[in-house]
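K.L.:
The structure is given below, and queries will be raised subsequently.
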Amino acid sequence: MEQKRKVAITVFCMAAMFLFAISCTLIGNLLPNVIGEFDITLSRAGIVTVAQNFGGIIALIFCGFLADRFGKLKVILTIFFMMVLFLCDCFVIQRFRSFVIAAMVIGLASSSLNMLISAYLSDLYPKKSNFYINMGGVFFGIGSVMAPIYLQLMSQFRANWRVDFGVCGIVSLVTIVFFLVILFLISETEKKGALENSNLQVKEIISDLKQPMLILFSAMGFLYMAHSSSVMNWMPTYLANRFQYQEAINNNIMAVYWIGILGSRLMMTFFAGKVKPKYYLIFGNALGGFAMIGIVISEGIVLLAAFFFLGLATGAIFQIILALTCQTFPKFSGTASSLVALSGSVGGTLCCWIIGIVADDLGFPAAIIIQTVVLIFIVPLALFGLKRKHEVFIGKV
């Protein structure tokens, strides 16, 4: 692949990470507004987060295998365009069930795009896969940080949640149209890759993936996304209940959390080759658990510090898991990372559903305990499950 085309694809991948991060972050931040407009309970509102993660499950069952057989870029573009359509559809949503469907498709896009882009970057830069996978995570983090800022800017125009989603859809539409002009130039290369991959046999893929390490990576992905998805989707509602009539403060707190995530991914990007993934997974999740406790018992500047520290400690965990997966299964990186992401979507779906029920019956502090426990469970998995080769500096696995 020519260098200019390779650069163009990489730029589009980073832009896609940025934009789908904004779209999926908006769901959690705007959920209190949706709850207020449609006058629904927290338990019923939990359907939104379940649908968001269920959409990811549907996509991940198929997209990894299809990407390995027919070309990752084609699947990335198709799913990104689906996200654009349903973001724009939010302009005309008038029923809660329609919003649930939109959230499901946005969740479908966010889960599958995260996995596919990571696997695709690993294919493009096999010797620097950790750097580029984490760089994609950095752009995701930037998008997540920008989401609350974007909402504050839109509030100056008194825009409602429909307009917030719709404008994001328009920007995404302009982006994909602009890059398709350049990306179309590589269509012949993608066809060749699809032809080569079409010769892969299903039995061969299944046989190659029957390894304990894939189960371990999937378990870690399950637990981390159970934590991350529930925090992303429910924490704004928790803050809205705890600090009523302080919407700007609540958005600022979530922005601080995403700044911490961004900082984590920046560090793991620029320290690639110097940080041992096994020890990052151990200490990052353990310290993140302590930060979750601080969120429940603290206020003011200490609360802000707890959110920042949570993001800083855990922000790059899923990118590290995906990087290890792609490096362990380079021949079927799309399918392998898809299974890990699928496991993560299942974890996120179950935990988001449970959080809604627990928060309704026992209150949010009890729900946050669940978010803390699933995060800490990753520590023994990393400590006793990862092999010696995963103790070397990341980038040399």
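K.L.:
Work out the length of the dipole vector of the chain about its Cα centre, built from +1 on the beta-carbon of each Lys and Arg and -1 on the beta-carbon of each Asp and Glu, and round it to the nearest 20 debye.
P.N.:
1160
K.L.:
I'd like the Karplus ³J(HN,Hα) series for the stretch 297-309: coefficients 6.51, -1.76, 1.60, θ = phi - 60°, whole numbers in Hz, and an x wherever there's a Gly or Pro.
P.N.:
For the stretch 297-309, the Karplus-derived couplings read 9, 10, 9, x, 5, 5, 5, 4, 5, 5, 5, 5, 5 Hz, x marking Gly and Pro.
K.L.:
Based on DSSP loop calls and a cut-off of at most 13 other Cβ atoms within 10 Å, the longest stretch of the chain free of exposed GluC sites (Glu not before Pro) is what?
P.N.:
Result, exposed sites excluded: 3-298.
K.L.:
If I build a Gaussian network model for the chain, linking alpha-carbon pairs within less than 10 angstrom, which residue out of 342, 383, 375 has the largest mean-square fluctuation?
P.N.:
Looking only at 342, 383, 375, the biggest GNM fluctuation is shown by 383.
K.L.:
For the stretch 1-44, what are the per-bin percents of Cα-Cα distances with bins 5 Å wide, up to the bin holding the maximum?
P.N.:
Each 5 Å bin holds this share of Cα pairs: 5, 18, 15, 13, 11, 9, 8, 7, 6, 5, 3.
K.L.:
Another question about this same structure. What's the longest uninterrupted piece of the chain once you rule out the trypsin sites (Lys or Arg not before Pro) that are loop residues per DSSP with at most 15 other Cβ within 10 Å?
P.N.:
Details: sites that count: 95, 158, 210, 274, 331, 387, 396.
Longest site-free region, per DSSP loop and neighbour criteria: 1-94.
K.L.:
May I ask you to derive the relative contact order of the chain, considering only C-alpha pairs under 8 Å and at least 6 residues apart, and to give it as an integer percent? The partial results should precede the final answer.
P.N.:
On the way: 659 pairs, mean separation 114.1, N = 397.
Averaging sequence separation for qualifying contacts and normalising by length gives 29 percent for the chain.
K.L.:
Eigenvalues of the Cα gyration tensor times 5, then square-rooted: what semi-axes does that give for the stretch 12-99, in whole angstrom, largest first? List each step's numbers first, then the result.
P.N.:
Numbers: eigenvalues 155, 42, 25 Å².
Output for the stretch 12-99: semi-axes of 28, 15, 11 Å.
K.L.:
Near the amide H of residue 271, under 5 Å away, which other amide H atoms are found, from residues 5 or more places off or on another chain, if H is placed in the peptide plane?
P.N.:
Those qualifying (amide H under 5 Å, at least 5 residues apart or on another chain) number zero.
K.L.:
Compute the Rg/Rh shape ratio of the stretch 71-128: radius of gyration over Kirkwood radius, all on alpha-carbon atoms.
P.N.:
Rounded to two decimals, Rg over Rh is 1.14.
K.L.:
Given only helices, namely DSSP H runs of n ≥ 4 each adding -39500 (n - 2.57), what is the per-residue ellipticity at 222 nm of the chain, to the nearest 500 deg cm²/dmol? Spell out each step's value before the answer.
P.N.:
Details: 16 runs with 335 residues, N = 397.
It comes out at -29000 deg cm²/dmol, rounded to the nearest 500.
K.L.:
In addition: Comparing 305, 359, 159, which has the greatest mean-square fluctuation in the GNM of the chain with Cα pairs linked when under 10 Å apart?
P.N.:
159
K.L.:
While we're looking at this one, here's another question. Just to be sure I understand: with springs between alpha-carbon atoms less than 10 Å apart, which residue in 211, 371, 52 has the highest mean-square fluctuation in the Gaussian network model of the chain?
P.N.:
211
K.L.:
Quick one: 3J(HN,Hα) in Hz for the stretch 217-231, Karplus 6.51/-1.76/1.60 with θ = phi - 60°, rounded, Gly and Pro as x.
P.N.:
Listing the rounded values in order: 4, 5, 5, 5, x, 4, 5, 5, 6, 4, 6, 5, 5, 5, 5 Hz.
K.L.:
Right, here's the next one. Scale the Cα Rg of the stretch 298-372 by the rule-of-thumb value 2.2 N^0.38 Å and send over the ratio, two decimals. Mind showing how you got there, number by number?
P.N.:
Details: Rg = 16.4 Å, N = 75, 2.2 N^0.38 = 11.3 Å.
Ratio of Cα Rg to 2.2 N^0.38 Å: 1.45.
K.L.:
Pop out the carbon and sulfur fraction of the accessible area of the chain as a percent, whole number, probe 1.4 Å. Let's see the in-between values first.
P.N.:
On the way: 11340 of 16390 Å².
It is 69 percent, rounded to a whole number.
K.L.:
With the Cα gyration tensor of the stretch 42-152 in hand, convert its eigenvalues to equivalent ellipsoid semi-axes via √(5λ) and list them largest first in whole Å. Display every interim value, and only then the final one.
P.N.:
Numbers: eigenvalues 146, 61, 30 Å².
Taking √(5λ) for each eigenvalue gives 27, 18, 12 Å, largest first.
K.L.:
Give a residue-ordered list of calculated ³J(HN,Hα) values for the stretch 108-122 (Karplus: 6.51 cos²θ - 1.76 cosθ + 1.60, θ = phi - 60°; whole Hz; x for Gly, Pro).
P.N.:
My calculation for the stretch 108-122 gives 4, 5, 5, 5, 6, 5, 4, 5, 5, 5, 4, 5, 5, 5, 5 Hz in order.
The values are calculated or read from the model by the stated rules, or taken from the named source; none is laboratory data. Everything numeric here is computed off the predicted structure, so don't read it as measured data. Note that we place each Cβ from the backbone using ideal geometry, even for glycine, and neighbour counts take in every protein chain shown. Please note that ligands, DNA and RNA were not included when accessible areas were found on the heavy atoms of the full protein model with its side chains. Shrake-Rupley method; radii C 1.70, N 1.55, O 1.52, S 1.80 Å.
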